[in-house]
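Input: a single structure, listed below in structure tokens.
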Amino acid sequence: MSVFEQNIMTKVYLDDTDVLIANVINSEYIDGHTEYIIRVQKEHCPEGKWYVKRRYNDFLALHQAIQASGLPLDFPPKKYIGNLNQKFIFERQTALQVYLDEVMVIPILALSFELKKFLDPFNYKNVSRESVLSELRVCVRSDVDIKFVKQLPQLGWRFRKQSFIVSLKNVPKKEYILHWIPFGPDKYLDDEDLWSVIKSFTSLQHVNIVKIEKAGVCRGGGWIIQDIKGETLKDKLFEVKDPLNTSALKKYANESKKKTLSVNEVIEISSQILQAIAFLHHKGIPYGHLHIGNILLDGNSVKLFGIENTLFGLPFYYRNYLINCRCIDSLKSVDVYCFGLTLYEMLFVKPFSKDIPENCPPDLKNVLETILISKVAKNSLPTIKDLLNLPIFRRPPPNPQPYFKILQNVLEKLSVTSGNTMARLKLDSEKAREHKKAKTVLRLLTEKVDVLPSLPMPQT
């Protein structure tokens, strides 16, 4: 039986980028202990609401699980006497809400498996990082020159992604990284078509894109092998000493430790990013997954990786920003908007909120405003080519000359993926707008009730 005929889960339908809102709304006494009732809701999906019950020890287990972050999170202490007192229970409920709020504003913690499982146990109870290595050995058995050396910790925010150090028989003294990840909700090609598409991507050669040495699909997921040298831009900003052997939770939780880049560094990095994406767009291929964690710094070279993510159907890191942007009409415009968000984070070492600071260099402020500020963008974003032609980003053509042999039938298959991915993004965007409109109407009605004049009592 071929790998395409096996009866396996074809993809993960759950979108791990969904922002969850959690409110500890009540408590109840059950079998000698207190359980706190948490109402959980997806931010942009009003119908996606559920309730979970958690004991204090469950909160404590969550707290201990994310201690690798090294953050001084304010967790309420344990109390052995008087812990059933109603006043104390209410105070603890308030303190646990404060704790959850603190955790959920930290990006790497908000997207962590530990928090997802705590708030959504039904969907995340069976997610495991165990036994993947043995399955992968079977998946790649056709490539007899691949030797697994060791498994790496979770390197980025995608907790389903598994990474390994491997060596290749024809280059025995060199080590590569193999990434494997289950197919995501935006995987629309069948495995056989996907196999042919991902194989064609091994021909891509560009000085600003990390080359895919080998790739394949199997058991509901895809794998690639790359020669990763240097550090990611995110590692540089967080001043990570040993990025390949340190977990993402430990590397990226402390936002206060982020260092700043010089304006010249930001411009140079941005220029090389634009060169890479412009080449992909010229070939008819969107990138879709630009953020500081997918930018590799190798000496003076800037290289993008994660180009396979769109093929494997993985949701965008910035998806919740994209849902709220009316200017997004294609995956190429997704690249433009993600460039603006990445540029902002490089300049101000924090995620974009809603305004561009006044101290932003004028040329870069103009770029950010035309992408991120809706009043300036006026429902139309510049293209990557437009940005690359700006004097501040203009550079000589890449050397050596890029190469990518891609057939028309592959482009047609990619077009199917792009169209369906955009359709799901637009649907969620419409839901978000309807939800926002409903909240506004409810708020106005509440305010109107509050200001109604008191009527005189009828005379008897």
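The values are calculated or read from the model by the stated rules, or taken from the named source; none is laboratory data. As the structure is a prediction and not an experimental result, all values here were calculated from the model. Glycine also receives a Cβ, built like all others from the backbone with ideal geometry; neighbour counts cover every protein chain displayed. With ligands, DNA and RNA removed, areas are computed over all heavy atoms of the protein, side chains included. Shrake-Rupley method; radii C 1.70, N 1.55, O 1.52, S 1.80 Å.
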Subject >> Odd one out for LYS79 among (1) open to solvent by less than 70 Å² (accessible area, probe 1.4 Å); (2) in a loop (DSSP other than H, G, I, E, B); (3) of a type outside the set (A, V, I, L, M, F, W, C) >> reply: (1)
Subject >> Criterion violated by LEU244 - all others in (1) open to solvent by 10 Å² or more (accessible area, probe 1.4 Å); (2) touching an Asp or Glu at 6+ places or on another chain (Cβ under 8 Å); (3) assigned to a helix (DSSP H, G or I) satisfied >> reply: (2)
Original post:
Does ARG54 satisfy the condition of being touching an Asp or Glu at 6+ places or on another chain (Cβ under 8 Å), modelled with pLDDT of 95 or more and either among the charged types (D, E, K, R) or over 30 Å from THR440 (Cβ atoms) (or both)?
Top reply: yes
Subject >> Selection count where residues are open to solvent by less than 60 Å² (accessible area, probe 1.4 Å) and part of a strand (DSSP E or B), scope segment 17-76 >> reply: 22
**OP:** Assess whether LEU364 counts as being over 30 Å from SER415 (Cβ atoms) and touching a Cys at 6+ places or on another chain (Cβ under 8 Å).
**Re:** no
**OP:** Take segment 382-405 and flag every residue that is open to solvent by 40 Å² or more (accessible area, probe 1.4 Å) and of a type in the set (A, V, I, L, M, F, W, C).
**Re:** LEU390
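Applying the selection to segment 361-381, what residues are in a loop (DSSP other than H, G, I, E, B) and buried (at least 19 other Cβ atoms within 10 Å of the Cβ)?
Initial filter on segment 361-381 (in a loop (DSSP other than H, G, I, E, B)): 361, 373, 378-381.
Of everything in segment 361-381, just one residue is in a loop (DSSP other than H, G, I, E, B) and buried (at least 19 other Cβ atoms within 10 Å of the Cβ), namely LEU381.
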Original post:
When you scan segment 269-312, how many residues do you find that are crowded, with 23+ Cβ neighbours inside 10 Å and at positive phi?
Top reply: 2
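So is ASN320 in a helix (DSSP H, G or I) and either at pLDDT below 95 or at positive phi (or both) or not?
Details: in a helix (DSSP H, G or I): yes; either at pLDDT below 95 or at positive phi (or both): yes.
It is true that ASN320 is in a helix (DSSP H, G or I) and either at pLDDT below 95 or at positive phi (or both).
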**OP:** Go through segment 201-240 and give me each residue that's under 21 Å from PHE404 (Cβ atoms), in contact with a strand residue (DSSP E or B) (Cβ under 7 Å, 6 or more places away or on another chain) and among the β-branched types (Val, Ile, Thr).
**Re:** THR202, VAL207, ILE209, VAL210, ILE212, ILE224, ILE225, ILE228
Original post:
Just one of LYS259, LYS229 is assigned to a loop (DSSP other than H, G, I, E, B), open to solvent by 30 Å² or more (accessible area, probe 1.4 Å), under 25 Å from ASN399 (Cβ atoms) and modelled with pLDDT under 95; which is it?
Top reply: LYS229
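Give the residue, chosen from TYR337, TYR317, that is open to solvent by 10 Å² or more (accessible area, probe 1.4 Å), in contact (Cβ under 8 Å) with a residue 40 or more places away in the chain, under 23 Å from TYR252 (Cβ atoms) and in contact with a His (Cβ under 8 Å, 6 or more places away or on another chain). Please lay out each step first, then the result.
Values: TYR337 fails: in contact with a His (Cβ under 8 Å, 6 or more places away or on another chain).
Step by step, each of TYR337, TYR317 is checked, and only TYR317 is open to solvent by 10 Å² or more (accessible area, probe 1.4 Å), in contact (Cβ under 8 Å) with a residue 40 or more places away in the chain, under 23 Å from TYR252 (Cβ atoms) and in contact with a His (Cβ under 8 Å, 6 or more places away or on another chain).
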